[in-house]
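One structure is given here, and the rest of the page talks about it.
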């Protein structure tokens, strides 16, 4: 009887050892995967920050060049201008029209979203 009890205890310990080993290995594998994913997320965050910075720099550069084009078009005579001011305004959707009362009104860009009235 004592041998049977010793044998059952030994089997139970072996089963627990196998289960504990599997749990330990699973924990290590999940930890390694989590570390890899964390490094990937950090790399993506750095790339995102870099893209935001370069995008902002490009927007500033485009704004300055647009202002430079408008300044050149307004300061130079009509015969020396490469692109006339009216064409620049049409390109940048800044066309102005005169109303019947003589007021100058800036037209909205054609790409603007339409409003839905309920």
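The values are calculated or read from the model by the stated rules, or taken from the named source; none is laboratory data. Every value quoted in this text rests on a predicted model; they were computed, and no experiment measured them. Neighbour counts run over all protein chains shown; Cβ positions are idealised from the backbone, glycine included.
Points to keep in mind about this one:
- Yes/no for residue 89 being in contact with a strand residue (DSSP E or B) (Cβ under 9 Å, 6 or more places away or on another chain) and modelled with pLDDT of 80 or more: yes
- Residue 69 being assigned to a helix (DSSP H, G or I), touching a helix residue (DSSP H, G or I) at 6+ places or on another chain (Cβ under 7 Å) and either touching a residue at least 24 places away in the same chain (Cβ under 8 Å) or surrounded by 10 or more Cβ atoms within 10 Å (Cβ to Cβ) (or both): yes
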